[in-house]
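The values are calculated or read from the model by the stated rules, or taken from the named source; none is laboratory data. The structure presented is a predicted model; accordingly, all values stated were derived computationally and were not measured. Note that each Cβ is placed from the backbone with ideal geometry, even for glycine, and that neighbours are counted across all protein chains shown. The accessibility values were calculated without ligands, DNA or RNA, using every heavy atom of the protein model including side chains. Shrake-Rupley method; radii C 1.70, N 1.55, O 1.52, S 1.80 Å.
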Amino acid sequence: MNHRFLALALAGTLSLGMLTACGGGSNNDGIAETPNTVTTPPVAESVMPSPEDSAPVTEESPDALPESSAPVEESTEPSAKPSAQPTAKPTTKPTATPKPTTKPTATPKPTVNPTPTPESKPETSAVQSVWNDISKLSLPNLTAMDDATLSAMYGINASDLEEYVCMMPLMGVHSTEFFIAKVKDGKMDTVKAGIAKRQADLDAQWSQYLPEQYELVQNYKLVTNGNYVLFAISEYADDAVTIFNSYTK
């Protein structure tokens with residue numbers, strides 16, 4: 001590059017010298033000739049190197065391979081296609097928010113507790129009530145007669161009675177005995193006859209045995225109130241009558 005630059009500079013200098021010599025010369029007569037025209041000064045050539053001259057010359061190594069001038073296109077395609085579908089759907093749906101209730105809540109009325117009804121006790125018959133009160137007295141041990149015993153000792157058929165209680169002593173040293181009954185309509189005379197028979201048998205039995213017990217047999221009580229009848233042999237016979245009247249009158 002330096003050599004070419006120096007050559008161009010030398011050529012420019014020689015050109016300027018030749019133009020000066022031509023402008024300053026005379027004719028053959030020694031008279032200087034006045035130039036008819038204005039001499040245009042020489043235009044100095046630009047000593048700036050042209051792009052081609054200034055381009056550095058590179059010596060290529062014989063072993064160097066030519067570089068490929070084709071541009072390498074970068075792949076614009078994505079390496080992997082995105083999945084078209086979502087991998088998983090939500091397992092549950094969002095819970096819908098309940099809408100506020102616009103209706104006012106009704107005020108509950110106060111609960112009125114009903115007055116408790118007293119439990120009704122099973123009604124006790126007059127016959128059973130009489131006996132329940134008599135049994136509270138100081139009596140010897142007694143046992144109840146069944147229908148067969150009643151028929152054998154009193155001669156009374158249980159079918160003539162609506163209800164009855166007949167008690168006799170467990171031991172033969174007591175003459176205490178009670179018969180309480182509600183007699184069916186039209187059967188009172190039959191029942192009273194049976195009671196008279198029973199009293200006569202007891203009188204005969206106890207007349208020869210234990211005078212104090214025989215005295216109780218003699219002082220027996222027989223009371224009727226409507227269809228109810230009481231036969232009592234006991235030291236509490238008067239108390240039994242009072243109880244009987246309180247339930248049957």
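In the range 139-197, what residues are among the hydroxyl-bearing types (Ser, Thr, Tyr) and in a helix (DSSP H, G or I)? Selection gives Thr149, Ser151, Tyr154, Ser159, Thr190.
The selection criterion, being over 25 Å from Glu123 (Cβ atoms), touching a helix residue (DSSP H, G or I) at 6+ places or on another chain (Cβ under 7 Å) and in a strand (DSSP E or B), holds for Leu222. Give the residues of the range 227-249 that are out of contact with any helix residue (DSSP H, G or I) (no Cβ under 9 Å at 6 or more places or on another chain) and either under 20 Å from Tyr154 (Cβ atoms) or open to solvent by 80 Å² or more (accessible area, probe 1.4 Å) (or both), sorted by residue number. Correct list: Asp238, Val241, Thr242, Lys249. For the range 204-226, a residue qualifies if it is surrounded by fewer than 18 Cβ atoms within 10 Å (Cβ to Cβ), touching a strand residue (DSSP E or B) at 6+ places or on another chain (Cβ under 7 Å) and touching a residue at least 24 places away in the same chain (Cβ under 8 Å), and exactly one does: Leu222.
Could you check Thr190 against (1) under 22 Å from Tyr214 (Cα atoms); (2) open to solvent by 20 Å² or more (accessible area, probe 1.4 Å) and say which number it fails? Exception for Thr190: condition (1).
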